[in-house]
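Contents: one structure, followed by commentary.
The values are calculated or read from the model by the stated rules, or taken from the named source; none is laboratory data. These numbers come from a predicted model, not from an experiment. Note that each Cβ is placed from the backbone with ideal geometry, even for glycine, and that neighbours are counted across all protein chains shown. To get the accessible areas, we keep the full protein, side chains included, count just its heavy atoms, and leave off ligands, DNA and RNA. Shrake-Rupley method; radii C 1.70, N 1.55, O 1.52, S 1.80 Å.
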Amino acid sequence: QAQPVESGGGLVQPGGSLRLSCATSGSIDSVYSVGWYRQAPGKQRESVATITSGGRINYGDSVKGRFTLSRNIANNMVYLQINNLDPADTAVYYCNVLSVRGSFWGQGTQVTVSS
């Protein structure tokens, strides 16, 4: 398992939507979990959504109902659909792969919500 690669961030107006992508190098159904985290300036990194190898998804309380995690096992991709964006969602969004070989973080993708 190598470092995952995030993409899809950008500048969006409040109420808008984005779809973030996480490209992993291994079989995502054989790792412990793949997760999305975010870190806003001056704040700690927080969990947004995670999916286990068995397909169980957990969402952070602050994003329930607006964020949807999905995966494509065939191409080892994990996605995060973000709807009804709010300026409070502005952060760097990171993908994490947790496997028997360790924990691997991507470089992150910036999401900025502003009018």
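Residues of the range 70-105 that are over 21 Å from Ser17 (Cβ atoms) and of a type outside the set (Val, Ile, Thr): Ala74, Asn75, Asn76, Asn96, Leu98, Ser99, Arg101, Gly102, Ser103, Phe104, Trp105. Of all the residues that make up the range 34-44, how many are over 12 Å from the mean Cα position of the chain (by Cα) and either surrounded by 13 or more Cβ atoms within 10 Å (Cβ to Cβ) or assigned to a strand (DSSP E or B) (or both)? Total satisfying the criteria: 1.
Among residues of the range 45-59 being outside any strand (DSSP E or B) and within 11 Å of Ser70 (Cα to Cα), the one that is modelled with the highest pLDDT is Arg56. Open to solvent by 70 Å² or more (accessible area, probe 1.4 Å), assigned to a strand (DSSP E or B) and of a type in the set (Lys, Arg) - does that describe any residue in the range 10-27? There is at least one residue in the range 10-27 that is open to solvent by 70 Å² or more (accessible area, probe 1.4 Å), assigned to a strand (DSSP E or B) and of a type in the set (Lys, Arg). Would you tally the residues in the range 65-115 being surrounded by 12 or more Cβ atoms within 10 Å (Cβ to Cβ), of a type in the set (Val, Ile, Thr) and within 12 Å of Val31 (Cβ to Cβ)? The number of residues fulfilling the criteria is 3. Tally up the residues in the range 45-54 that are open to solvent by 30 Å² or more (accessible area, probe 1.4 Å) and under 16 Å from Leu80 (Cβ atoms), please. Selection size over the range 45-54: 4.
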